[in-house]
Amino acid sequence: MNFCSDNATPANPEVIEHLAKVNQGLQMPYGADDVTERVRLKLCEIFETDLAIFPVATGTAANVLSLSLLTPPHGAVICHEESHINVDECGAPEFFTHGAKLIGLAGAGAKLTPDAVTAALDWDWRGVAHHVQPACMSLTQATEYGLAYTVDEVKAMKAVCDRFELSLHMDGARFANALVGLDCAPADITWRAGVDILSFGATKNGALGAEAVILFDRSREQEMHFRRKRGGHLFSKMRFLSAQLEAYLSDDLWLRNAGHANQMASELGNGLAQLDGVDLVHQVQANEVFVRLPESIFKNLRAQGFEFYDWPLGGPDCYRFVTAWSTEKSHVSALLAAAVGKK
């Protein structure tokens with residue numbers, strides 16, 4: 001049983017089936033196909049606004065292309081110190097921005113707060129040639145600890161952005177999971193709350209390998225076309241990326257998948273929390289469970305072949321379990337039984 005990551009899962013059959021349907025006949029290349037435009041129109045409907053989309057194959061591509069659009073080489077990106085862009089992108093944000101600096105700030109649950117950002121920027125970096133110039137802020141939704149920024153929290157961060165003249169980017173690798181947990185409209189935690197660009201994730205939630213950069217301000221669209229091409233992320237047969245997104249968005253598959261993953265995480269978290277010596281590190285709000293395990297439970301799980309990640313950033317004896325669209329209730333039950341030594 002693999003609870004390491006939602007990247008370990010198979011693609012959803014509905015995505016595979018739709019790819020086979022799209023794999024018929026000829027379509028114009030490089031995003032000029034009918035499928036890509038249908039996806040854009042569907043996202044306009046979902047987010048209740050006109051927007052531009054740029055399908056890409058990886059979350060890293062979505063994040064770094066977005067940041068490159070918002071940040072000059074002498075700029076700075078304000079982010080959480082444990083954010084994916086700061087820890088897990090192998091310097092790609094700095095590379096694609098041609099040298100911008102990531103400034104990582106602390107915050108419980110991998111959340112930025114208005115006070116933390118204000119304290120970092122309040123001594124006024126503007127116009128001082130010795131310092132990078134703060135250009136944008138990046139929020140992860142859901143965070144690296146599976147917590148969701150509420151609508152009011154996003155708006156509060158936007159107010160800080162406005163004060164310091166920053167753009168606002170959202171890393172939405174698990175956007176669907178956060179959205180389902182919050183039970184709000186997609187627009188409410190994005191453009192209505194002040195988000196300029198969203199990295200819209202699908203790979204972790206049922207796609208083979210497809211994400212999208214969503215621009216809520218279409219005035220930036222032409223520049224992104226060039227940045228995506230120059231960065232090597234313009235697919236010639238774009239329809240096959242877009243077909244994954246089309247299936248993902250059809251019949252609310254993305255929300256159904258996320259809802260199931262969240263439910264499995266909730267059941268897993270509640271079950272583990274009832275065991276002696278287990279402490280939940282954070283409330284379960286999406287599809288990730290962070291717990292401190294006693295050595296006996298850790299050994300029981302490893303002995304029966306369960307896979308999950310050590311999470312040293314969370315403190316001693318902290319571990320991460322991730323559920324997904326394909327996690328079955330029997331998988332959760334088996335893990336909980338194994339934790340106490342049952343087979």
Once you list every other residue whose beta carbon is under 14 Å from the beta carbon of Leu105, what net charge do they have if Lys and Arg are +1 and Asp and Glu are -1?
-3
Computed about the Cα centre, the charge dipole of the chain from +1 Lys/Arg and -1 Asp/Glu charges at the Cβ has a magnitude in debye, to the nearest 20, of 660 debye
When only DSSP loop residues count, what trypsin sites (Lys or Arg not before Pro) in region 65-167 have their Cβ near at most 10 other Cβ atoms within 10 Å?
Arg126
Work out how far the C-alpha atoms of the chain reach from end to end along every principal axis, then list the three figures in whole Å, largest first.
59, 59, 32
Nearest 500 deg cm²/dmol is fine: what mean residue ellipticity at 222 nm does the chain get from its DSSP H runs of n ≥ 4 alone, each adding -39,500 (n - 2.57), divided by its residue count?
-12000 deg cm²/dmol
Tally Lys/Arg at +1 and Asp/Glu at -1 over every other residue whose Cβ is under 11 Å from the Cβ of His80; what's the total?
-3
Less than 22 Å apart at the alpha-carbon level, and either on another chain or at least 8 residues along: which lysines does that give for Lys101?
Lys111, Lys158
Rough spin-label spacing in nm, given labels placed 7 Å along Cα→Cβ, for Ala32 and Lys229
1.1 nm
Scoring only Lys, Arg, Asp and Glu (+1, +1, -1, -1) among other residues with Cβ under 11 Å from the Cβ of Thr58 yields -2
How large is the accessible surface per residue of region 126-227, computed with a 1.4 Å probe and reported in Å² as a whole number?
35 Å²
Whole-Å distance linking the alpha carbon centroid of region 272-332 with that of region 183-260 is 30 Å
Axial C-alpha extent at least 18 Å, average Kyte-Doolittle at least -0.5 - helices from the chain (DSSP)
34-47, 151-164, 253-273
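The values are calculated or read from the model by the stated rules, or taken from the named source; none is laboratory data. Since the model is a prediction, treat every value here as computed from it, not as a measurement. In this analysis, Cβ positions are derived from the backbone assuming ideal geometry, glycine residues included, and neighbour counts consider all displayed protein chains. Calculation scope for accessible area: heavy atoms of the full protein, side chains included, ligands and nucleic acids excluded. Shrake-Rupley method; radii C 1.70, N 1.55, O 1.52, S 1.80 Å.
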